[in-house]
1. Please list, ordered by residue number, the helices (runs of 4 or more DSSP H) wholly in segment 63-175 having 2 or more residues that are touching a residue at least 60 places away in the same chain (Cβ under 8 Å) and within 18 Å of Asp9 (Cβ to Cβ).
2. Within segment 110-156, which residues are of a type in the set (Phe, Trp, Tyr), out of contact with any Cys (no Cβ under 9 Å at 6 or more places or on another chain) and at pLDDT 95 or above?
3. Taking segment 96-118 as the search range and keeping residues that are touching a Ser or Thr at 6+ places or on another chain (Cβ under 9 Å) and more than 14 Å from Lys75 (Cα to Cα), which one is surrounded by the most Cβ atoms within 10 Å (Cβ to Cβ)?
Amino acid sequence: MKLLGITSDAPGWTYVWEIAQEMMKVETRFALQHPELAAELTPLEPIIVEKFPDLDFDFGFCFRCLDRDSGWVSKARLYQNKDDPYSFCSINNIPQSSRAFGFDIVVYREDFEKIKKDKAAQKLLLGEEFWRFFQLTLPKYKKKLPITNDEMDKMLMVFEDWLIEHDWIIHGRWE
């Protein structure tokens, strides 16, 4: 595993993008400008890249806050990374694995309107959907990813520990 990509599709009044960015590694510019804040952060990306360097797939997460009647639901897909010399990763010399495992995590705007000004509640709602879908979906792709049972269990444990530590889920809920 070489990288974790994060994006979002949500109304500007939500905290979805700010919450999702907690997973990303701290940018050098931010760390230089705010070393005391950067030192307090423990993003997910460096943890999973370090713990799973031999796995030949990368993660991409898109966190969406959409209308319930949009028809969108959380989904996952596995696709091949192309050797495109003009891609963003190629131009910027960013290493990639041969495959990317993408997740669309969908929460609904109607649920977020009730907690419009509560970032912690939005994080829990987003975290609950993320963890529910992630732990159900990852095992279904075991043969396509080549990942052993031990690696999958370790990965689920790393994700769960990080989500609990960063208040995305409540401890013991899915045990």
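1. In segment 63-175, the matching helices (runs of 4 or more DSSP H) lie at 109-113, 119-137.
2. Step one: filter segment 110-156 for residues of a type in the set (Phe, Trp, Tyr), giving 112, 130-131, 133-134, 141.
Now drop any that are not out of contact with any Cys (no Cβ under 9 Å at 6 or more places or on another chain), which leaves 130-131, 133-134, 141.
Of everything in segment 110-156, those that are of a type in the set (Phe, Trp, Tyr), out of contact with any Cys (no Cβ under 9 Å at 6 or more places or on another chain) and at pLDDT 95 or above turn out to be Phe130, Trp131, Phe133, Phe134.
3. Phe112
The values are calculated or read from the model by the stated rules, or taken from the named source; none is laboratory data. Since this is a predicted model, take the numbers as computed values, not measurements. Glycine also receives a Cβ, built like all others from the backbone with ideal geometry; neighbour counts cover every protein chain displayed.
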